[in-house]
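There's a structure below that I have some questions on.
The values are calculated or read from the model by the stated rules, or taken from the named source; none is laboratory data. Being a predicted model, the structure only gives us computed values, none of them experimental. FYI the Cβ positions are ideal-geometry reconstructions off the backbone, even for glycines, and counts take in every protein chain you see. Side chains included, ligands, DNA and RNA excluded: accessible areas come from the protein's heavy atoms. Shrake-Rupley method; radii C 1.70, N 1.55, O 1.52, S 1.80 Å.
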Amino acid sequence: MKRILTAGAVSFLSTVAATAEVLPEDIVFGEYGEVEVSLSGVAGDPVSGEALMVARGKGNCLACHQVTALEQHPFHGEVGPSLDGVADRWSEAELRGIVVNAKMTYEGTVMPAFYKVSGFYRPGDAYTGKAAVMPLSPLLTAQEIEDIVAYLLTLSD
Amino acid sequence: MYMKTLIKSGVAVIALLAAGPVAADEDADLIINDEIEITVRAEAPAHVDGLRTIYSGWVFRADETQALQMDDFENPAMLFADEAREKWTRVEGSAEKSCADCHGEPESLADARGTYPKWNDQAQEVRTLAMQVNGCRTEQMGAEAWKYDSAELLNMEALLSSVARGNPVNVAIDGPVAATFELGKEIYYSRFGQLDLSCANCHEENYGNNIRADHLSQGQINGFPTYRLKNARLNGAQTRFRGCIRDTRAETYAVGSEEFIALELYVASRGNGLSVEGPSVRN
């Protein structure tokens with residue numbers, strides 16, 4: 001991936017990716033909150049997904065979830081369930097739906113929606129405490145969501 | 001300062017990594033100076049549906065942090081209370097009065113802290129303790145108001161809390177403050193910002209759990225103003241509210257706003273039955 005991105009063909013490739021991207025307001029949820037279609041149209045990269053899971057300014061999934069495979073990173077949260085074995089319990093579409101907007105799967109869950117740009121109360125400009133500058137960006141990009149889903153699919157018992 | 005130095009050194013980081021989050025002794029009891037018994041756990045007040053037992057934030061802190069509050073010579077916050085005690089007798093304003101001229105010793109106001117925020121009949125408004133201190137300054141002393149959550153005001157609140165330690169938090173929620181209480185409750189349960197989190201999501205549904213390395217408390221404010229090891233100074237409750245709401249990626253309210261006065265009254269009332277504990281020491 002990295003080599004491709006640094007090559008001259010990059011502008012052409014990203015144009016293709018952009019047209020294939022599903023925007024947050026165009027997401028189609030299934031009856032149980034699942035999202036069947038890839039958000040980016042590009043296969044997720046589990047190595048990038050792992051880094052996004054850990055990074056405090058990105059997914060920061062470890063803030064709330066324990067993951068045994070990520071034990072080398074300190075301080076796993078206890079607010080959400082452990083993610084060990086999630087690939088055995090959920091399909092790709094279900095995992096994507098939960099990361100995009102978990103409230104479509106679990107009504108009232110504490111978990112933030114990572115691919116949603118409207119319907120918030122007093123949204124802010126990141127962590128400044130000031131009012132948001134519209135339009136909002138989702139917490140993660142389409143490809144970042146796909147990368148995280150690809151990583152979660154490696155977590156089987 | 002000690003903590004700061006430790007955290008900055010690489011040795012400490014390695015030690016922290018190895019040990020994981022520092023465990024708290026949630027069953028510990030707090031007696032300050034071997035003398036002042038503090039109620040750190042109590043039956044939840046009837047108006048709090050989501051909790052059975054209320055706990056002071058002190059029980060969620062690590063042993064070393066807990067210990068700092070058990071002796072006034074160890075508690076860095078007491079230095080700030082002492083600064084206010086020095087100003088207690090200082091004459092200020094056009095009326096040429098000091099706090100002492102009306103109130104004698106600070107200890108005479110031991111019953112104040114635990115009942116604020118409360119209704120002020122004369123002003124026809126809900127007042128936090130900070131607002132009441134400023135009310136004294138502008139209405140009785142002819143002096144200028146201190147800025148909300150400024151060092152001078154927090155020092156005075158620390159003094160008024162220190163003399164009230166051990167007395168119960170007993171904030172009225174009905175009568176003329178009923179509407180303020182309801183507004184505060186509405187804010188407490190509203191999900192804010194792009195992370196879509198309410199106060200209750202963390203401090204009612206998840207107290208005792210870790211968010212990354214943070215051990216969530218019930219967010220009780222009986223220990224405010226609080227000296228945080230993180231910033232090595234006194235912190236006001238409303239500034240803390242502001243920080244929490246900011247961290248949900250939301251547009252916050254201003255310190256001293258109607259909304260935060262209401263939230264302070266509501267959150268304080270959730271601690272009815274705990275002891276006044278400020279100035280406390282927290283992370």
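Looking at B:Cys199 and the list (1) away from chain A (no Cβ under 14 Å); (2) out of contact with any strand residue (DSSP E or B) (no Cβ under 6 Å at 6 or more places or on another chain), which single condition is not satisfied?
(1)
Looking at region A:115-127, which of the residues that are closer than 12 Å to B:Thr248 by Cβ and out of contact with any strand residue (DSSP E or B) (no Cβ under 9 Å at 6 or more places or on another chain) is most open to solvent (accessible area, probe 1.4 Å)?
Per the stated criteria, the residue is A:Tyr127.
Among the residues of region B:23-64, what is the count of those that are under 19 Å from B:Ala164 (Cα atoms), out of contact with any Gly (no Cβ under 8 Å at 6 or more places or on another chain) and either open to solvent by 80 Å² or more (accessible area, probe 1.4 Å) or in a loop (DSSP other than H, G, I, E, B) (or both)?
So the count comes out to 5.
Continuing with the same structure: For the list (1) of a type outside the set (A, V, I, L, M); (2) in a helix (DSSP H, G or I); (3) open to solvent by 70 Å² or more (accessible area, probe 1.4 Å), I need the number of the one condition that B:Asp111 fails.
(2) is the only condition that B:Asp111 fails.
Among the numbered conditions (1) within 14 Å of chain A (Cβ to nearest Cβ); (2) on the phi > 0 side of the Ramachandran plot, tell me where B:Ala232 comes up short.
Answer for B:Ala232: the failing condition is (1).
Before we move on, is B:Ala84 assigned to a helix (DSSP H, G or I), among the aliphatic types (A, V, I, L, M) and either open to solvent by 10 Å² or more (accessible area, probe 1.4 Å) or at pLDDT 95 or above (or both)? If you could, list the steps in order and put the result at the bottom.
Working: assigned to a helix (DSSP H, G or I): yes; among the aliphatic types (A, V, I, L, M): yes; either open to solvent by 10 Å² or more (accessible area, probe 1.4 Å) or at pLDDT 95 or above (or both): yes.
Yes.
Still on this structure, I have one more. Looking only at region B:90-108, count every residue that is open to solvent by less than 60 Å² (accessible area, probe 1.4 Å) and among the aliphatic types (A, V, I, L, M) and tell me the total.
Qualifying residue count for the region: 2.
Going by what's in this entry, would A:Met134 be described as closer than 12 Å to A:Gly59 by Cβ, open to solvent by 30 Å² or more (accessible area, probe 1.4 Å) and within 14 Å of chain B (Cβ to nearest Cβ)?
no
Could you check A:Arg56 against (1) crowded, with 18+ Cβ neighbours inside 10 Å; (2) within 17 Å of the chain's Cα centre (by Cα) and say which number it fails?
Result: A:Arg56 passes all but (1).
Could you tell me whether region A:85-96 includes any residue that is polar (S, T, N, Q) and surrounded by 14 or more Cβ atoms within 10 Å (Cβ to Cβ)?
No: region A:85-96 contains no residue that is polar (S, T, N, Q) and surrounded by 14 or more Cβ atoms within 10 Å (Cβ to Cβ).
Where residues in region B:121-172 are assigned to a strand (DSSP E or B) and either modelled with pLDDT under 95 or open to solvent by 30 Å² or more (accessible area, probe 1.4 Å) (or both), which of them is nearest to B:Asn235 (Cα to Cα)? Full working, then the answer.
Step one: filter region B:121-172 for residues assigned to a strand (DSSP E or B), giving B:125-127, B:168.
After this cut, where a residue has to be either modelled with pLDDT under 95 or open to solvent by 30 Å² or more (accessible area, probe 1.4 Å) (or both) as well, the list is B:125, B:168.
Numbers: B:Glu125: 24, B:Pro168: 21 Å.
The qualifying residue nearest to B:Asn235 (Cα to Cα) is B:Pro168.
Inspect all residues belonging to region A:86-98 and state whether any of them is at the interface with another protein chain (Cβ under 9 Å from one of its Cβ atoms) and in contact (Cβ under 8 Å) with a residue 24 or more places away in the chain.
Our first condition is that a residue be at the interface with another protein chain (Cβ under 9 Å from one of its Cβ atoms); within region A:86-98, this holds for none.
Scanning region A:86-98 turns up no residue that is at the interface with another protein chain (Cβ under 9 Å from one of its Cβ atoms) and in contact (Cβ under 8 Å) with a residue 24 or more places away in the chain.
Of the conditions (1) within 14 Å of another protein chain (Cβ to nearest Cβ); (2) open to solvent by 20 Å² or more (accessible area, probe 1.4 Å), A:Gln143 satisfies every one except a single condition; which number is it?
(1) is the only condition that A:Gln143 fails.
Let me ask something additional. When the residues of region A:47-85 are filtered to those that are within 20 Å of A:Glu34 (Cα to Cα) and touching a His at 6+ places or on another chain (Cβ under 6 Å), which remaining residue is farthest from the other protein chains (Cβ to nearest Cβ)?
Checking each candidate, the answer is A:Leu83.
Here's another thing I want to ask about it. Taking A:Glu94, is it touching a strand residue (DSSP E or B) at 6+ places or on another chain (Cβ under 8 Å) and over 19 Å from B:Gln194 (Cβ atoms)?
Details: touching a strand residue (DSSP E or B) at 6+ places or on another chain (Cβ under 8 Å): no; over 19 Å from B:Gln194 (Cβ atoms): yes.
The answer is no for A:Glu94.
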